[in-house]
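Values quoted throughout were computed directly from the atomic coordinates according to the rules given, and no laboratory measurement underlies them. No experiment lies behind these values; they were computed from the predicted model shown. Neighbour counts run over all protein chains shown; Cβ positions are idealised from the backbone, glycine included.
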Amino acid sequence: MLQNYINILAMTRFIPHGHCYLWKSNLVGLHITSDLLIAIAYYSIPIALLYFVFKRSDLPYPRIFVLFAAFIICCGTTHVMGIWTLWHPNYWVSGLIKAITAIVSIDTACEIIPLIPQALALPSPAQLEVVNQQLEQEIIKHQQTEKALQESEERYRRIVEDQTELISRFKSNGTLTFVNDAYCRYFGQKKEDVIAKSYQPVVFPEDQPKIDELLNSLTYDNPVGKVENRVIVNGEIRWTQWINRMIFDEQGNFLEFQSVGRDITEQQAVLHERKKIAEALQRRESILRSFYHNASMMMGIVKLVDEQIVPISYNNTAANFFELLPETGNEQSTSQIVIFSQVMGEWIKSYQKNELTGNSYCFEYVHQTDTNFIYLSVTISLIQELSLEDLWFSYIAEDITERKQTRAIQQKEILIKELHHRVKNNLQIICSLLNLQSRLVQEPTIIDKFKEIQNRILTISLVHEQLYQSENISQINLAEYIPALANNLFRCYILESQKVNLIIDIKQNFLLDLDTVIPCGLIINELISNALKYAFDTGDKGEILIKVTADGAGNLILSIQDNGKGLPNDLKIEKSKTLGLKLVKNLINQLRGQMEINTDIGTRFTMILTRIKNNSAAWEQVM
């Protein structure tokens, strides 16, 4: 492509045109003079044509004048190239200019041929004379009409001047052409000070875009628009309302705007106050609606029409309870509407049976489902009596099933506590009877047996006493139970325990159920009783340590240790025939536990109780 352009501009292949004239000065001069004068003439003609078209914009067919100008310019350029090629053989460029001239000339010819019939149809001078006479008559009529119009405008002006409303007229750029006296009085200005000036200085700046938007929206088919905006009157901001109208001439051409305004400051203040009240009411309504729909109680309104229940409104809780679509009684499944209508019918019948009018009626209602019973506390009221047939009811229903169950559990807890109290009293009566019976016995061995039986009964009685006094009636805390049990045993063996120190090491709350704590208590009772009776010689000082911990697997580790003289060497727990040790062995087996005995220093019984490992979730660190 670049090579083609180079070839077009190249001059080395051709001979200048002057060679054709053998460079004879007379001949070359003749051609130069002729081409130059022709070019100047050609260039001056289009300038005159374009100037003529520019000055006479009303001329018909302006395109043909432009094409003639282009054609003449192209022709002049070909003559200029004729001079140029005398010395510079740019024949490709010269040919391109001629080609352009050919295209423009063809376009001009194509344009002028269709115009010939139209040009022939132009009126002749005689016809123009007739038209001029007609125009003169039209002008006379127009002058008469204009005079009448001026008289009418004068009457209109007087009427406008007498108006109390603010009247003004202004051009599209805002320049005032007319204001009435009321306008001047309102803004405290004189006519001569505002005419031919913009109206915008009196408009509150932030409201001007709103006015411009309204004016730009007006059209010939929609010429009237209303706007409310603020204006500045003697430094005070006031509200005004303006009716703007587009004014057109007889041909429908826009002339100016006419604006009629009035002061609405007081009305705006009232509207603003109403708006604030409406917004406050809307906020309250939104809060109440949110409370209504999100309340945990069922709420709603129904209408009784010809013994048929029609749901008017209900909140989300009621919709969920009856499995209805939210806030609509339509498009529901038939089965759910039937259930809803049945329940509402029963509630309304309960209201009507009490012969209440305009008052609320509260009652409890049991709703039966496929799986259980639901207890409801219902309040129903007659809110409006539109006619003898149609009754409107509001209802509030609260699910009190859990409250009922809690009350029943509390009653059961009271009953169980009372039962524990009675069992404890009965066990203490048994201990008292055994104590009375032991006084009739002189044999020390038999008296000791009585004491052992009493301690075992007191161990069980202490469990019931703990449960009776505790808030938790199903579990005993070892951190509270073991100290009470151990101190009770020390009081029973007062002579043996006078010089023995009791140490209890329990750093956690171990909560055990009744079936577990009684075997543990009996084990502790037997081992502490044996330590107080047999581990220390008369008058010796000693210590008894009770320690309760838990291992990583959640098993309870109970350790009872004394620093006494230890067990006899020939004693075997597995083969012991004493009732106490047999009882300990059986109780450990019952708890699926293991027992280890260490006699390095005194005697230490270590029991790993696996039955209670599931209670580890309830163990807490003692603070």
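Before moving on, here are some points about what is shown:
- Inter-part distance, segment 161-206 to segment 513-563, computed on C-alpha centroids, equals 109 Å.
- Cα convex hull of segment 265-320 - mean projected area over all directions, nm²: 5.7 nm²
- Within segment 163-263: Cβ-based charge dipole about Cα centre, in debye rounded to nearest 20 (Lys, Arg +1; Asp, Glu -1): 220 debye
- Annotation: amide H-H contacts under 5 Å for Gln189 (H modelled 1.01 Å from N, sequence separation of 5 or more, or interchain): none.
- Residue ranges 18-24, 556-562 sort as 556-562, 18-24 when ordered by packing (mean number of other C-beta atoms within 10 Å per residue, highest first).
- Put in order of Cβ neighbour count within 10 Å, fewest first, the listed residues Arg230, Arg283, Arg245 become Arg283, Arg245, Arg230.
- One compactness figure for segment 223-274 is 1.49, namely its Cα radius of gyration divided by 2.2 N^0.38 Å.
- Taking amide hydrogens as placed 1.01 Å from N in the peptide plane, the amide H of Asn180 sits under 5 Å from those of Ile167, each at least 5 positions away in sequence or on another chain.
- Ordering of 247-259, 132-144 by burial proxy (mean other Cβ atoms within 10 Å per residue, highest first): 247-259, 132-144
- Rg then Dmax, both in Å and based on the Cα atoms of segment 167-326: 26.6, 80.
- Over all orientations, segment 496-568 has a Cα convex hull whose mean projected area works out to 5.8 square nanometres.
- Karplus-derived 3J(HN,Hα) values for segment 106-115, using 6.51 cos²θ - 1.76 cosθ + 1.60 with θ = phi - 60°, are 5, 4, 5, 5, 5, 7, 7, 4, x, 7 Hz; glycine and proline are entered as x.
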